[in-house]
Every structure is written in C-alpha cells, then in structure tokens.
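Read through the structure below, which is laid out as structure tokens, and then see the notes.
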Amino acid sequence: MNGIHDLGGMQGLGPLIREPDEPVFHEEWERRTFACLILTLAGGQYTVDELRHSIERMDPARYLSTPYYEHWLHSAEDLLDKKGVVTREELARRAAEIAARGRD
Amino acid sequence: MKHEHEHTQPPSDPALRIKALESLLIEKGLVDPGAIDELVDIFEHRIGPRNGARVVARAWVDPLYRQRLLEDGTKAMANTPQVHNVVVCTLCSCYPWPTLGLPPTWYKSPPYRSRVVIEPRKVLAEFGLAIAPEVEVRVWDSSAEIRYLVLPMRPDGTEGWTEEQLAALVTRDSMIGTNVPRVDAAATGRGK
Amino acid sequence: MAALPREIVATAIRTGASARAEVGSAPRFKVGDAVIARNMNPTGHTRLPRYIRGRRGVIQRNHGGFAFADTRAHGLGDQPQYVYSVRFEGRELWGPDAAVRDAVYIDLWESYIEPVPSR
C-alpha cells in the first residue's frame, strides 16, 4: 500500500537524532513487547509479513510520533485480535483489572 | 472495511497494554515466561555488534575467509577506495540481527530511512564521514529478506595487530556504513 | 522448558532464511539485464517502494527463490519467486541534482520488474 511507512525520498521528517551509547531497550515495556512479539511469531501466530502490513496500516500520525516498539505492540494486538487469539475485549478487561490493582 | 485508526478511545499507556497482553498470552499457554526472560537476555547482553566486529577482523587478517564472505554475495559488501556502502530499510527496520544485534533507534526512524536513499552524502556527513566526490556511494535498501553487513576497509597503521585488537576498532556504525573504523576514535572510546 | 528458548531464538534470528523457497520455473532475468520497476499501486502489502516504481535499473544478482511477501501478508500462501538485487543510479531516481556516483541497490521480487527492450 502507498502508506506512511514508505518513506524513501520523503523530506521534512526532521533531523537525524542519535543517542550516544543507546541501550538496547529504554523501558521495561519495550523488553516485554519485543519478547512477546518474537515468541508469538516463532509460535506461528502470524508471519513477519502480516506484522509489517499491520504496522503499515497504523494511523499515519501515530506511526510517525510513537516510539518504535509501540508499532510492534500495535501489530501484535491487531493481529491477535483479528485471529481471535486474544481479543481487544479481553485486553481491555485485563488492562482495567491491572490498572485497578494499582501496581502489578 | 474497518478503518484502523477509528478507535473509540485512544490507546492507553504501552506499559499497561503489554502487561495485559503478556499476562493473557501466558494464561493461554502461548508464551512461556522463562522464554521471555531468556530472549531479552540474549538480545540485551549476548548478541550485539561484537559478533560482526569479529567477522570483520577475521576478514581483515584471513584473505580466504574474506573471499568466501564476499563471494556469497549476501553476507557482506566490501568498502574499497572506489566504493562506500551504507545500509537502510526504508520500509521498516530490517537489520542483520545475527551479526549486529538489534538496531539503534536512529536506524529505524523516519529521518534516516527517508534521507539516506536520496541524500546519502549529506547523511554521512552528519555522522562525521566525508565521502570524496570520486568515490561511489551505494545505498542498500533491505527490501526483501537478505540482510546486509558492510565490511569496512582496514585502517592504516594497524599492521601486525591481532584479531582481537582489530575487532575493537570495528564500530557498529562502520558495519552499517554510516561511519568508518578509526584508530584514534577507538583509543578515545568515541564513535559507536 | 529450558531448551525451548534457544530453539525459538534460533528460529527468530533465522526468520530471513526460513523465507527461502523453491521456484518451479526458470528465472526471467539474468545479471546485466536492464529492467524497469512496474508502476503498481496495490492497496495491500508490497515491498516495492514508491521511489523505485517506474524507474530503470540493472540486475546485479539473483538471490534465489523466496516466499512472496505480498501474498504471505494476506494469507494467500508463499507463491515463491526469484528475488533480484537491482541497481538504480541516483540520477535515475532523483534527477540531475543527485551526485553522479550515487546508486541504490534494492532487492525486488520478479513480479515487481519488467524487461526494458534493448535500444
């Protein structure tokens, strides 16, 4: 698709910003997202092509403004819901339970 | 067809979302909690640019190894005095994980992905690398499943160095192609 | 379950290799062939970027057969094709302001390209 992800040759997307000695993961949620996505991929829930296309269908403004691993989280939630493996309703319920507990 | 961005509520905090997702995946037996920790440990501590640096250092000292590496055509592209190579994935973030680990944020971000194919010399200059006009710049867009590693030129003044000493010179950026190994940079710890 | 993580990681980091697949027919292109990237605008997944479409390049290498991303993304099967490394001159892509010695090398599935008739 002619989506926002197809960035080759675009201009005006801002300066190159590099973090010196950048850690592999900045936040714990990035670690967990990375691992859950790889493990579900290896477990055959989806192909890497499906994951990429799911990311390509993100809202363009969110694609450009969210941290990288949020794209992964989006695609895992999207595809697991579409395949009926983990529905958005289940996720919303569980997130509400966790939030209500205050901390895990 | 449902439009992806017509959610009735904005997505909440990613930390909360992944806690919910992970707990459900574990409950449903789709993911093993031990595997999560192991996978994170592997990519945070055990696979990284040092793997690629060892490949490069070996290619510098062992001509037969270098020849096999380059002949394969899918493992490494050699920088020469005439050609400088640099790698990108304009469409997403494809990167040679087995040799370099996980990519830095700048590699996966819109500014690099958009600019390096159209103005590579300007991008390389921002990394501190000046390319002479007579040198050809080849930008490799990793659009399919082949993953590219740049084999930088061995710096002058390293005759007789051991493989270990040479590997210490090879920065991650020099294997992406956005920089080159420098003897003085390694000494001062600059230039990741 | 201690053994499982290593297998999974091996699978994960070899995701690329697992996409290799036999193609039942002969390659359409050989090294040195002049090709033109198709002007195609699918609404589904593709790995042919817009900046390459309609541009002329030269085949550098045949990487062999791979599962086709465009079909795999939609559950339509692997449908393997040859993937080629194709060189595009910077000025072909971006016009005369590009440095004369800039080039882009990109990997293209066979159905992304057409032959250019020899002049």
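Readers should treat all values here as calculations from the given coordinates under stated rules, not as data from a laboratory. Just so you know, these numbers come straight off a predicted model, no measurement behind them. Ideal geometry is used to build each Cβ from the backbone, glycine not excepted, and the neighbour counts take in all protein chains shown.
Restricting the range A:7-94 to GluC sites (Glu not before Pro) that sit in a DSSP loop and have at most 14 other Cβ atoms within 10 Å of their own Cβ leaves A:GLU27. Could you pull out every residue, at least 5 positions away or on a different chain, whose amide H is within less than 5 Å of the one on B:ILE118? Hs are placed 1.01 Å off N in the peptide plane, and Pro or chain starts have none. When sequence neighbours closer than 5 places are left aside, the close amide H contacts are A:GLY9. Dividing the helix sum by the residues of the protein assembly as shown, where each DSSP H run of 4 or more adds -39500 (n - 2.57), gives a mean residue ellipticity at 222 nm of -11000 deg cm²/dmol. Among B:ASP13, A:ASP78, the order by Cβ neighbours within 10 angstrom, fewest to most, reads B:ASP13, A:ASP78. Each of B:ILE26 and C:GLU114 was given a label point 7 Å from its Cα along the Cα-to-Cβ line. The distance between the two points is 5.5 nm. Net charge dipole, the protein assembly as shown: roughly 800 debye, given to the nearest 20, about the Cα centre with Cβ charges of +1 for Lys and Arg and -1 for Asp and Glu.
Panel note: the C-alpha atoms of the range C:20-115, placed on their principal axes, show extents of 42, 29, 19 Å (largest first). For C:ARG61, the residues 5 or more places off, or on other chains, whose built amide H falls under 5 Å of its own are C:SER85. Counting only DSSP beta bridges with both residues in the protein assembly as shown, the antiparallel share comes to about 60 percent. Determine the shape class of chain B: with a ≥ b ≥ c the square roots of the Cα gyration tensor eigenvalues, call it rounded for a/c under 1.5, and otherwise prolate if a/b is greater than b/c, oblate otherwise. Here chain B falls in the prolate category. Neighbour counts of other Cβ atoms within 10 Å put B:TYR65, B:TYR95, B:TYR148 in the fewest-to-most order B:TYR65, B:TYR95, B:TYR148. Every Cα-Cα pair in the range A:28-101 was counted, and those over 14 Å apart are 63% of them. Pairs of Lys residues in the protein assembly as shown that lie 8 or more places apart, or on two chains, and have C-alpha atoms under 22 angstrom apart add up to 13. Measuring from each cysteine beta-carbon in the protein assembly as shown, the ones with no other cysteine beta-carbon under 4.7 angstrom are A:CYS36, B:CYS92.
Between A:LEU13 and B:ASP13, what FRET efficiency comes out of the Förster formula 1/(1 + (r/R0)^6) with R0 = 22 Å and r the beta carbon distance, rounded to 0.05?
Given R0 = 22 Å and the Cβ-Cβ separation, E is 0.30.
One way to sum up the overall shape of the protein assembly as shown is the equivalent ellipsoid from its Cα gyration tensor, whose semi-axes run 35, 27, 21 Å, largest first. Each of B:VAL55, C:ILE106, A:MET1 was scored by the projection of its Cα onto the charge dipole of the protein assembly as shown, and the greatest displacement toward the positive side belongs to C:ILE106; charges sit on the C-beta of Lys, Arg, Asp and Glu.
Only Cα sites of the range B:11-60 enter the Debye sum here, all with the same form factor; the resulting log10 I(q)/I(0) across q = 0.18 1/Å is -0.70, listed in q order.
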